[in-house]
Amino acid sequence: MKVLGIMGSPRIGGNTDMLMDEALKGARSAGAFAEKIVVDELDISPCREFNGCTRDGNCVIRDDMDDIYEAWMKRTL
């Protein structure tokens, strides 16, 4: 089993962070490979409506969102 936790809260050590860590710890104890991504630590640009994604499904903006896509695909394949 593969588990990817994506934390959107900017509060490291806050409730969401602690709950995410506990959930991932539980997944690991059940034998899963678990990874956490903290969005606040990444450089992600907002959509600028270049519409490149309508051609081939890929955003034309190269930023840290690429790493999230890659991690997501590793967990779903």
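Tabulated results
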item: Looking only at the range 1-59, and only at residues there that are within 16 Å of Ala71 (Cα to Cα) and part of a helix (DSSP H, G or I), the one that is farthest from the chain's Cα centre (by Cα); result: Leu24
item: Scope the range 46-60; condition closer than 18 Å to Trp72 by Cα and either modelled with pLDDT of 95 or more or small (Gly, Ala, Ser) (or both); matching residues; result: Gly57
item: Selected residue (criterion: nearest to Arg11 (Cα to Cα)) from residues of the range 60-75 that are open to solvent by 60 Å² or more (accessible area, probe 1.4 Å) and part of a helix (DSSP H, G or I); result: Asp67
item: Pairs with Cβ under 6 Å, 6+ apart, first in the range 9-28 and under 13 Å from Glu41 (Cβ atoms), second of a type outside the set (Asp, Glu) and open to solvent by less than 100 Å² (accessible area, probe 1.4 Å); result: Ser9/Thr16
item: Residue selected from the range 1-59 under the condition of a type in the set (Lys, Arg) and in contact with a strand residue (DSSP E or B) (Cβ under 6 Å, 6 or more places away or on another chain), by the criterion most open to solvent (accessible area, probe 1.4 Å); result: Arg28
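The values are calculated or read from the model by the stated rules, or taken from the named source; none is laboratory data. It should be emphasised that the depicted structure is a prediction, and the values quoted were computed from it without experimental measurement. Note that we place each Cβ from the backbone using ideal geometry, even for glycine, and neighbour counts take in every protein chain shown. Just the protein is used for accessible areas: all its heavy atoms, side chains included, with ligands, DNA and RNA removed. Shrake-Rupley method; radii C 1.70, N 1.55, O 1.52, S 1.80 Å.
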